[in-house]
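*Asks:* The structure is given below, and queries will be raised subsequently.
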Amino acid sequence: MNNILKRRRRSIGAVNVYSNTKSINFDATDDYMVSGSNVSYDEGSFITWAKYTGASNQIFWHVSGNYYLYYLSGSILRFRHPMTGSTNVTANINDGNWHCIVGTAEGGSGSSSTIKIYVDGSLVVTDTDTRTYTVTANVITLGAWPTPSLVLNGSLDEVAFWSSVLSASEVTELYNSGTPIDLSSDIGNYSSSSNLLNWWRMGDGDTYPTIQDNQGSNDLTMTNMTSGDIVADVP
């Protein structure tokens, strides 16, 4: 009963202090966004809210081709981290609806490492391996790779990265039955706000062509895009 009451209080309070009304739409031709500074993600977690349809070979985001989230074909997503190489995820989300993709990477170079991918709050794949690798520092590009060969036919919202490994209960809290939450404050089972590295809200509070990093200082620049690509379509 206490947990139910806690969730009700959180939901009621969130309406007053947090609003998500915008996302970024990509035209499947040459739209992309790129960060102003390099990132170097290793052990940690990410969240990406995505809505997409169409042909295979669509990229959500990548860092130098070594760390990426990619729609391969059919019902297959691919996440690549040098900890384990490429991890394929079977999930039927190429349907034009919003879906929440969360990944965690636990381990490091030369040690036993584990990748977990969650879709809409549920764990769909676990991949374990031991590899020696070097973390690559480069800009993060969203919506195209190599620019602009593989392109996204869809929208992205609430993209974020953490330096810590999120727990399954935190992932459930983040999914929140299909409605994004405020990542800047611990709430319910989510307790990792202090480990948040980057958080791009994809339109909320942004002014074209800059997409603000709401946690760090690594803003994105909309490229080959217009202010009309900031749309009122959200999870």
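The values are calculated or read from the model by the stated rules, or taken from the named source; none is laboratory data. Note that this is a predicted model, so its numbers are computed, not measured. We place every Cβ from the backbone using ideal geometry, glycine too, and count neighbours over all the protein chains shown.
*Asks:* All but one of (1) touching a residue at least 60 places away in the same chain (Cβ under 8 Å); (2) assigned to a strand (DSSP E or B); (3) surrounded by 20 or more Cβ atoms within 10 Å (Cβ to Cβ) hold for Leu69; which doesn't?
*Replies:* In the conditions (1) touching a residue at least 60 places away in the same chain (Cβ under 8 Å); (2) assigned to a strand (DSSP E or B); (3) surrounded by 20 or more Cβ atoms within 10 Å (Cβ to Cβ), Leu69 misses (1) alone.
*Asks:* Next up: Hey, among the residues in region 169-222 that are free of Cβ contacts under 8 Å to residues at least 40 places away in the same chain and of a type in the set (Phe, Trp, Tyr), which one's nearest to Asn25 (Cα to Cα)?
*Replies:* Tyr208
*Asks:* Within region 188-235, track down each residue that is β-branched (Val, Ile, Thr), under 22 Å from Trp98 (Cβ atoms) and surrounded by fewer than 20 Cβ atoms within 10 Å (Cβ to Cβ). Steps first, answer last, please.
*Replies:* Of region 188-235, the ones β-branched (Val, Ile, Thr) are 207, 210-211, 221, 223, 226, 230-231, 234.
Then keep just the ones that are under 22 Å from Trp98 (Cβ atoms); that gives 211, 230-231, 234.
Across region 188-235, the qualifying residue is only Val231.
*Asks:* Answer yes or no: is there a residue in region 173-194 that is assigned to a helix (DSSP H, G or I), more than 17 Å from the chain's Cα centre (by Cα), within 30 Å of Gly107 (Cα to Cα) and not hydrophobic (A, V, I, L, M, F, W, C).
*Replies:* First pass over region 173-194, keeping only residues assigned to a helix (DSSP H, G or I): 173-178, 193-194.
Filter once more, keeping what is more than 17 Å from the chain's Cα centre (by Cα): 194.
Retained after the next criterion (residues that are within 30 Å of Gly107 (Cα to Cα)): 194.
Those still in the list that are not hydrophobic (A, V, I, L, M, F, W, C) too: 194.
Yes: one or more hits.
*Asks:* While we're looking at this one, here's another question. If you scan region 142-172, which residues turn out to be among the hydroxyl-bearing types (Ser, Thr, Tyr), closer than 21 Å to Ile230 by Cα and in a loop (DSSP other than H, G, I, E, B)?
*Replies:* At the first step, the residues of region 142-172 found to be among the hydroxyl-bearing types (Ser, Thr, Tyr) are 147, 149, 155, 163-164, 167, 169, 172.
Within this subset, residues satisfying the condition of being closer than 21 Å to Ile230 by Cα are 147, 155.
The one that is among the hydroxyl-bearing types (Ser, Thr, Tyr), closer than 21 Å to Ile230 by Cα and in a loop (DSSP other than H, G, I, E, B): Thr147.
*Asks:* Out of all the residues in region 170-180, is one or more farther than 25 Å from Asn94 by Cα, surrounded by fewer than 17 Cβ atoms within 10 Å (Cβ to Cβ) and not basic (Lys, Arg)?
*Replies:* The answer is no; no qualifying residue exists.
*Asks:* State whether one or more residues within region 38-58 are in a loop (DSSP other than H, G, I, E, B), surrounded by 20 or more Cβ atoms within 10 Å (Cβ to Cβ) and at pLDDT 95 or above.
*Replies:* For region 38-58, residues in a loop (DSSP other than H, G, I, E, B), surrounded by 20 or more Cβ atoms within 10 Å (Cβ to Cβ) and at pLDDT 95 or above: present.
*Asks:* Can you go through Thr21, Thr104 and tell me which one is at pLDDT 95 or above, within 23 Å of Tyr175 (Cβ to Cβ) and surrounded by fewer than 15 Cβ atoms within 10 Å (Cβ to Cβ)?
*Replies:* Values: Thr104 fails: surrounded by fewer than 15 Cβ atoms within 10 Å (Cβ to Cβ).
Just one listed residue meets the conditions, Thr21.
*Asks:* Looking only at residues that are at pLDDT below 95, of a type in the set (S, T, N, Q) and in contact with a Phe, Trp or Tyr (Cβ under 8 Å, 6 or more places away or on another chain) in region 122-159, which one is farthest from Ser37 (Cα to Cα)?
*Replies:* The residue in question is Asn153.
*Asks:* For Gly108, which of the numbered conditions (1) more than 30 Å from Met225 (Cα to Cα); (2) in contact (Cβ under 8 Å) with a residue 60 or more places away in the chain; (3) part of a loop (DSSP other than H, G, I, E, B); (4) touching a Ser or Thr at 6+ places or on another chain (Cβ under 6 Å) fails to hold?
*Replies:* (4)
*Asks:* Here is a further query. Give the number of residues within region 117-138 that are in contact (Cβ under 8 Å) with a residue 60 or more places away in the chain and in a loop (DSSP other than H, G, I, E, B).
*Replies:* 3
*Asks:* Which numbered condition in (1) over 25 Å from Asp182 (Cβ atoms); (2) assigned to a strand (DSSP E or B) is the only one that Asn92 fails?
*Replies:* (2)
*Asks:* Test of understanding: among Trp98, Trp162, which residue is surrounded by 17 or more Cβ atoms within 10 Å (Cβ to Cβ), modelled with pLDDT of 95 or more, of a type in the set (Phe, Trp, Tyr) and farther than 20 Å from Gly65 by Cα? Talk me through it step by step, then tell me what you get.
*Replies:* Values: Trp162 fails: farther than 20 Å from Gly65 by Cα.
Going through Trp98, Trp162 in turn, the sole match is Trp98.
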